[in-house]
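The values are calculated or read from the model by the stated rules, or taken from the named source; none is laboratory data. Given the structure is predicted, the values throughout are model-derived calculations rather than measurements. Ideal geometry is used to build each Cβ from the backbone, glycine not excepted, and the neighbour counts take in all protein chains shown. SASA here: full protein model, heavy atoms, side chains in, ligands and nucleic acids out. Shrake-Rupley method; radii C 1.70, N 1.55, O 1.52, S 1.80 Å.
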Amino acid sequence: QVQLEESGGGLVQPGGSLRLSCAASVSIFSIYAMRWHRQAPGKERELVAGITSGSMTNYADSVKGRFTIFTDNAKNTAYLQMNSLKPEDTAVYYCNAERLGMDFWGKGTLVTVSS
């Protein structure tokens, strides 16, 4: 079992930045991959970014060059640095961990990009 707790969401103006955090209840070394997904109102949940235990990363085309996913192994925490935010980035952001073939999810954190 892996518990995930997200934080860092909030209201930001277009062009601004936010950093989301996802703290895991187990050693991050035991997790195959950590990912950020988001779900905007009226839309399906979509993958935003992922990072494997081997530090391979992938990003949705819509966030490439603006978002960066990374981990702090000492803190068992994954981060999503979001720059140049746009109104269309508004969504609930969910952290996901894949461990031993199972998926675990956090409760989500709301990001609102608006002037």
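Straight Cα distances below 17 angstrom link residue 64 to the aspartates and glutamates 46, 88, 89, with same-chain residues fewer than 8 positions distant left out. Element breakdown for the chain at a 1.4 angstrom probe: carbon and sulfur atoms account for 48% of the accessible area. Computed from backbone phi with θ = phi - 60° and the Karplus coefficients 6.51, -1.76 and 1.60, the 3J(HN,Hα) list for the range 54-67 is x, 6, 7, 10, 9, 9, 5, 4, 5, 10, 4, x, 10, 10 Hz; x is used for glycine and proline. Given +1 at the Cβ of Lys and Arg, -1 at the Cβ of Asp and Glu and no other charges, the dipole of the chain around its Cα centre is 120 debye to the nearest 20. Computed over the chain, relative contact order equals 38 percent, with contacts defined as Cα pairs under 8 Å that lie 6+ residues apart.
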